[in-house]
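The values are calculated or read from the model by the stated rules, or taken from the named source; none is laboratory data. Here the structure is a predicted model, which is why all the values come from computation and not from measurement. Glycine gets a Cβ as well: all are built from the backbone with ideal geometry, and neighbour counts include every protein chain shown.
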Amino acid sequence: MGLRVLVADDEPMIRLGLRAMLEEQGYEVVGEADNGRGAVELARATAPDLIILDIRMPHMDGLEAARAIMAERPTAILLLTAYADRELVEKAKACGVLAYLVKPFREADLIPAMEIAVARFQELQALQKEAGTLRDALEAREIIERAKRILMARLGLSEGEAFRRIRRLSMNSRKPLKQVAEAIFMAALPEEERPER
């Protein structure tokens, strides 16, 4: 826990409710903004671990704010919205948003969405550092996601435990995460589907 969170929503009651939920769970709210431009400025000033952005805000909407934040200082972003249409989800993904929550939401929905956003962001950062380019990192992430699903299904691990297992194997073998994930994926394939060496 102990995440530093920035909250941006143009509705004061939503911000107040979010602050109460977060602080009750041990998170630190480092700032609140009521518009997108303010969120970008606060993100710059406070360097939070996670930013919760509403989509519909004045001066700059949540998608524009996410794009600006990701261009300046990539951060885990969770998007809140009252709208759940597919086009909006695709736009959010294109901006670098890692989790998406539809209002009204409960604390039981918020906390796991936050944890997933932060975990995925940390994975992407590790992959980007290892791979050098975002495209390589995204390709590596795809194979790692497959390997995680395999470990989760076969060993009954949570998503976080599966990633830690892959990372530990990577460190112990001194091989890149992607290479370890590929090995897990290949080992899970039926013998006849494995490529010839």
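On the basis of being in a helix (DSSP H, G or I), modelled with pLDDT of 85 or more, more than 19 Å from Leu16 (Cα to Cα) and out of contact with any strand residue (DSSP E or B) (no Cβ under 8 Å at 6 or more places or on another chain), does Glu64 make the cut?
So Glu64 passes the test.
Which members of the stretch 136-166 meet the condition of being on the phi > 0 side of the Ramachandran plot and either assigned to a helix (DSSP H, G or I) or not assigned by TED's automatic domain parsing to the domain that holds Ala181 (or both)? Walk me through how you get there before you give the answer.
Here is the first cut: in the stretch 136-166, the ones on the phi > 0 side of the Ramachandran plot are 156.
Residues satisfying the conditions do not exist here.
Scan the stretch 41-59 and tell me whether some residue there is in contact with a helix residue (DSSP H, G or I) (Cβ under 9 Å, 6 or more places away or on another chain) and hydroxyl-bearing (Ser, Thr, Tyr).
No.
Criterion first (crowded, with 19+ Cβ neighbours inside 10 Å and of a type in the set (Gly, Ala, Ser)) does Ala84 satisfy it?
No: the conditions fail for Ala84.
If you go through the stretch 74-91 one residue at a time, do you hit one that is farther than 22 Å from Gln125 by Cβ, in the same structural domain as Ala113 (by TED's automatic domain parsing) and of a type in the set (Ser, Thr, Tyr)?
Scanning the stretch 74-91 turns up at least one residue that is farther than 22 Å from Gln125 by Cβ, in the same structural domain as Ala113 (by TED's automatic domain parsing) and of a type in the set (Ser, Thr, Tyr).
Return the residues of the stretch 83-131 that are touching a residue at least 12 places away in the same chain (Cβ under 8 Å), in contact with a strand residue (DSSP E or B) (Cβ under 7 Å, 6 or more places away or on another chain), closer than 18 Å to Arg56 by Cα and not in a strand (DSSP E or B); say none if nothing qualifies.
Ala84, Leu88, Ala92, Gly96, Val97, Leu98, Lys103
In the list Ile55, Ile69, which residue meets the criterion of being crowded, with 18+ Cβ neighbours inside 10 Å, closer than 18 Å to Val102 by Cα and either without any contact (Cβ under 8 Å) to a residue 40 or more places away in the chain or assigned by TED's automatic domain parsing to the domain that holds Asp109 (or both)?
Of Ile55, Ile69, the one residue that is crowded, with 18+ Cβ neighbours inside 10 Å, closer than 18 Å to Val102 by Cα and either without any contact (Cβ under 8 Å) to a residue 40 or more places away in the chain or assigned by TED's automatic domain parsing to the domain that holds Asp109 (or both) is Ile55.
Is the stretch 79-89 home to any residue that is under 23 Å from Ala39 (Cα atoms) and touching a Cys at 6+ places or on another chain (Cβ under 9 Å)?
Scanning the stretch 79-89, I find at least one residue that is under 23 Å from Ala39 (Cα atoms) and touching a Cys at 6+ places or on another chain (Cβ under 9 Å), so the answer is yes.
Evaluate the stretch 138-150: report whether one residue or more is surrounded by 16 or more Cβ atoms within 10 Å (Cβ to Cβ), modelled with pLDDT under 85 and closer than 28 Å to Ile55 by Cα.
Checked against the condition, which is being surrounded by 16 or more Cβ atoms within 10 Å (Cβ to Cβ), modelled with pLDDT under 85 and closer than 28 Å to Ile55 by Cα, the stretch 138-150 yields at least one hit.
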